[in-house]
């Protein structure tokens, strides 16, 4: 199988991850539930994971790294535990259902949600954000995803922070698509809450994730229960991270997560991103002349003029741009994700062809991103999403391009 669905979950992982999980399964006890070597091993491993995550995100408060089952759990905890009736927040058309569905609950509770809307090419214009803030008052927070899970477009968080911080607005970031494979500096970007998952670009086990929360922000516990200490207190402890961590932690998964983060730190997110974007450029070059292919969210002036990809924005360039003369495409501002359609073939049908006839695993359909599909005009057809990982090879990229060419020709 050629796996190109890394925006959903990593497939190949560093061998250190499985080794750490196996070792933990045979030696780890339950943090704070005893004083034997097993319990102490659990405590050291879990705190060590917090420290490594804090290092990865340039966050100087490891005790404020809260570990959860995934980004969805973390985002629900943040959103449902931070706002009250009468509050106003901004969300975006890029957001995943892990944001949209909790916001739907908040709206039913009397919280007002404003929308930073994407244009028909899937871009979020900072000018429209500035205008929205100036037109509305009393905004508590902006909730945004660092990168669209559908198109791979990246949001310039430092630019966004520069706009909203002047108005006292908190910045809550869903980094599910970027954590591990793109450098994130919470302090430099002015991020108040960073939500991450362990099973995507961090390349850790499923069932791991969490959030980093700045010290001057409190979140009401969504779940209460055992912590292994202060057991006579009727309420969840105020001390972090236990304040938001009730019940037995996924110690075995966290051991794997720690190993995955250490693997990334040893190489650097920059190196990982560079490798993945080289693969993405190779893929874009390989499919650049396929008739009937529609690509979403990539800047390609030449291809637009040739009417190969439909209406796409002009490349913005910039000092971090990585132009490729062979494609005209500019991978700056993107993650290694390419969403496309082949003529009017339903996206699920195209994905089935790729799997059954070519052994290529991708994702099709709505991708838990309904507002983004509405902006792009792809709600009926959905999209076929190719997403590449650190362990993909050039040969796999070329095979995928050939497969698309054959399907389009058929």
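The values are calculated or read from the model by the stated rules, or taken from the named source; none is laboratory data. Since the structure is predicted, the reported quantities are computational estimates derived from the model, not experimental observations. No Cβ is skipped: glycine too gets one built from the backbone with ideal geometry, and neighbour counts run over all protein chains shown.
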Pick from 71, 10, 20, 54: which is surrounded by 22 or more Cβ atoms within 10 Å (Cβ to Cβ) and under 30 Å from residue 140 (Cβ atoms)?
-> 71
Sort out which residues of the range 264-297 are closer than 30 Å to residue 28 by Cβ and either surrounded by fewer than 21 Cβ atoms within 10 Å (Cβ to Cβ) or modelled with pLDDT under 95 (or both), and write them in order of number.
-> 265, 266, 267, 268, 269
Would you call residue 59 buried (at least 21 other Cβ atoms within 10 Å of the Cβ), more than 21 Å from the chain's Cα centre (by Cα) and either assigned to a strand (DSSP E or B) or touching a residue at least 24 places away in the same chain (Cβ under 8 Å) (or both)?
-> no
Say whether the condition of being buried (at least 24 other Cβ atoms within 10 Å of the Cβ), in contact (Cβ under 8 Å) with a residue 40 or more places away in the chain, under 19 Å from residue 103 (Cα atoms) and outside the structural domain of residue 297 (by TED's automatic domain parsing) is met by at least one residue in the range 162-169.
-> no
Please enumerate the residues belonging to the range 170-188 that are assigned to a loop (DSSP other than H, G, I, E, B) and surrounded by fewer than 19 Cβ atoms within 10 Å (Cβ to Cβ).
-> 183, 185
Check residue 345 against each of (1) within 28 Å of residue 100 (Cβ to Cβ); (2) at pLDDT 95 or above; (3) within 26 Å of the chain's Cα centre (by Cα); (4) in a loop (DSSP other than H, G, I, E, B) and name the one condition it does not meet.
-> (3)
Are there any pairs with C-beta distances below 8 angstrom linking a residue in the range 221-243 that is in the same structural domain as residue 75 (by TED's automatic domain parsing) to a residue that is exposed (fewer than 11 other Cβ atoms within 10 Å of the Cβ), with the two at least 6 apart or on different chains, and if so which?
-> 224/235; 236/225
Going by the structure shown, is residue 51 on the phi < 0 side of the Ramachandran plot and in contact (Cβ under 8 Å) with a residue 24 or more places away in the chain?
-> no
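Given the residues 34, 86, which is the only one that is surrounded by fewer than 17 Cβ atoms within 10 Å (Cβ to Cβ), out of contact with any helix residue (DSSP H, G or I) (no Cβ under 8 Å at 6 or more places or on another chain) and at pLDDT below 95?
34
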